[in-house]
Amino acid sequence: MTVQPAQPDDLRAAPRVPRTIDGIAEALTGAARMAFYREIGQADAGSDLQDVLAAWWGQAMLDTDPARAQLVEAVEAGTLPTVTMEAVVARRRANGGAMPGE
């Protein structure tokens, strides 16, 4: 069995949410935006800051996904297609990518 994304992303297209502090903040609203600014303000430069940006960018991408309602419904119903971590690692290696720490 293979898993295909519901809407394949064109990797050359600009992301829906720019992976910048301003881009992420603009996509978030209300309490989420304030929590983001609080975490960014407390993050140390380097990997700590990158971790905060990555986590909030993911949240902003989900919040702005046109198919968000269907994704949430599929998760709640247990029908969202999934793959094992082993399959992800194998695919990444087959495509010439290394895993972190390798």
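The values are calculated or read from the model by the stated rules, or taken from the named source; none is laboratory data. Keep in mind that what you see is a predicted model, and the values were worked out from it rather than measured. Note that each Cβ is placed from the backbone with ideal geometry, even for glycine, and that neighbours are counted across all protein chains shown.
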I'd like to verify a number: residues in the stretch 60-80 that are touching a helix residue (DSSP H, G or I) at 6+ places or on another chain (Cβ under 7 Å) and surrounded by 13 or more Cβ atoms within 10 Å (Cβ to Cβ), how many? 6
Please work out which residue is nearest to I24 (Cα to Cα), limiting yourself to the stretch 38-53 and to residues that are under 14 Å from the mean Cα position of the chain (by Cα) and surrounded by 12 or more Cβ atoms within 10 Å (Cβ to Cβ). L53
Pairs where the first residue, in the stretch 13-36, is modelled with pLDDT under 95 and the second is not in a helix (DSSP H, G or I), C-beta under 6 Å, 6+ apart: R16/T64
With the first residue restricted to the stretch 86-102 and required to be in a helix (DSSP H, G or I), and the second required to be of a type in the set (G, A, S) and modelled with pLDDT under 85, Cβ contacts under 8 Å at 6 or more apart or on different chains are R92/A98
Flagged in the stretch 22-36 as surrounded by 18 or more Cβ atoms within 10 Å (Cβ to Cβ) and in contact with a Pro (Cβ under 9 Å, 6 or more places away or on another chain), in numbering order, are I24, A27
